[in-house]
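The values are calculated or read from the model by the stated rules, or taken from the named source; none is laboratory data. Owing to the predicted nature of the structure, the values given are computational and were not obtained by experimental measurement. Counting neighbours? That spans all protein chains shown, and the Cβs are built from the backbone with ideal geometry, glycine included.
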Amino acid sequence: MYQGDRLRRLWEIIKANLVALGQSNREKAVSLTVFEARELENMFVLLLLGSFTGIPAPPSFLAVELLPHLEHELKVLNRRAQDSTDALAEIMGAIDADA
Amino acid sequence: MKTIFFTGKGGVGKSTMSAAAAHQLSEKGYKVLAVSFDPAHNLGDIFNLELSHRTKRIGKNLFLQEADLEKAASEYIKTNTDILTEVYSYTKAFNLDMYFKVLRYAPGVEEYAALTALEKVLHNKGEYDIIVFDTPPTALTLRILALPRITITWIDRLRRIRRDILDKRHTVHTITGKYIAEGLKLPYEVKDDPVMNKLKELFDRYVAVAKLLESEENQIVVVMNPDYLSLRESQRIVDGLKDLNLPLRVSITNKYTPESKSIADEMEAELFKSKSLTNRHARVPLQPYTRDNSYRIDYDLAGLFF
């Protein structure tokens, strides 16, 4: 293998690592924001469907009117309810304290 | 366009007063629509006519209509059932969709249906100079009148949360170039979010109704009789209207007789003391019994409004 090829290959490995590092840093940076967004989505749908959970709720027609657009939020609510016994672990995961 | 709502305890003469006012105002040249929201529907009886949810012209300037709250409720339920059946389409396979029919008995349906019917009437506001409403019993009326504000408050809070969600999604999108969760590409701009668009549409609708109810163009009238029961209920209406920030502009003591003067004096003094009554107050004498034309009363009600 020529010296030039070796150098090019080395440069490509370094470049790929730098890209991966940048991506990983970006993902770390956004993971907390994603977590916050998910919690807000959970809160949004929990408030909207409050009558199911026994908290003061908006007029029920609001929930029905918005229902067709809330597939993602309902999934979040469902998962949040399943994971609710282990909320601490999720928070630790979100702030990267479980590594 | 002006709107006039006649409120009061059952049996005090709301329907008669609203029919008489509508008739007198139309005689003065205003184009008037009188609408009954009372499920008991006395308006047709007063004019000795069969009325329906379709507007009926009975004079040069007078139009009558009985809002069909049952129909409005059924339409509301149908819309919601259609949405639910579409969202949970698998229920059709098991014939479970018919169970959504119990929605009819869900709390709030009656008020929402009445509000929808009210919106429908107000939609034609450009056609009339005055719309006179004969309202259902106090509790339901107050709940209907409160619904736009309550809904606006909720929508406002929900929109704020939604905006925060979209802000966070936008941040993630700016950094990573995408926002995908569980394989779903989620909107991150206000204009692309169907939830935000729906909330805005509902917000605009209810703001329009609330603004109209709170405006100078709207006159809420409380009708009472010279007796303590109707005084207590009138006080509840007046307090309820104050809480809702809705204007009470006219009060009427109906079925007044010289024998009831002392109690009428006492009642009015009590309401005036608590600043509940406005200066536009009338004592309408007990009218002689007539089988027909009971809307023709010997008192100038139109003068109370203009």
request  = Kindly list the number of the only condition in (1) away from chain A (no Cβ under 12 Å); (2) crowded, with 16+ Cβ neighbours inside 10 Å; (3) assigned to a helix (DSSP H, G or I); (4) among the hydrophobic types (A, V, I, L, M, F, W, C) that fails for B:Leu229.
outcome  = (2)
ask   = Can you name the condition, by its number, that B:Asp129 falls short on among (1) in contact with a helix residue (DSSP H, G or I) (Cβ under 9 Å, 6 or more places away or on another chain); (2) within 9 Å of chain A (Cβ to nearest Cβ)?
value = (2)
request  = Filter the stretch A:48-70 down to residues that are more than 7 Å from chain B (Cβ to nearest Cβ) and in a helix (DSSP H, G or I) and give me whichever is modelled with the highest pLDDT.
outcome  = A:Ala63
task = Among the residues of the stretch B:121-142, write down those that are in a helix (DSSP H, G or I) and at pLDDT 85 or above.
result = B:Val121, B:Leu122, B:Glu127, B:Thr141, B:Leu142
query = Within the stretch B:162-178, which residues are at the interface with chain A (Cβ under 7 Å from one of its Cβ atoms), surrounded by 16 or more Cβ atoms within 10 Å (Cβ to Cβ) and aliphatic (A, V, I, L, M)?
reply = B:Ile165, B:Val172
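Could we say that A:Leu21 is of a type outside the set (Lys, Arg), closer than 30 Å to B:Ile77 by Cβ and either at the interface with chain B (Cβ under 7 Å from one of its Cβ atoms) or assigned to a helix (DSSP H, G or I) (or both) here? Step through it out loud before you land on a result.
Numbers: of a type outside the set (Lys, Arg): yes; closer than 30 Å to B:Ile77 by Cβ: no; either at the interface with chain B (Cβ under 7 Å from one of its Cβ atoms) or assigned to a helix (DSSP H, G or I) (or both): yes.
The answer is no for A:Leu21.
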query = Say we look at the stretch B:271-305 and pick out the residues that are modelled with pLDDT under 80, outside any loop (DSSP other than H, G, I, E, B) and surrounded by 13 or more Cβ atoms within 10 Å (Cβ to Cβ); which of these is nearest to the chain's Cα centre (by Cα)?
reply = B:Leu271
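Determine if the stretch A:19-31 includes at least one residue that is surrounded by 14 or more Cβ atoms within 10 Å (Cβ to Cβ) and touching a residue at least 60 places away in the same chain (Cβ under 8 Å). Break it down stepwise before answering.
First pass over the stretch A:19-31, keeping only residues surrounded by 14 or more Cβ atoms within 10 Å (Cβ to Cβ): A:26, A:30-31.
Applying the additional criterion that residues be touching a residue at least 60 places away in the same chain (Cβ under 8 Å) yields A:31.
Taking every residue of the stretch A:19-31 in turn, at least one turns out to be surrounded by 14 or more Cβ atoms within 10 Å (Cβ to Cβ) and touching a residue at least 60 places away in the same chain (Cβ under 8 Å).
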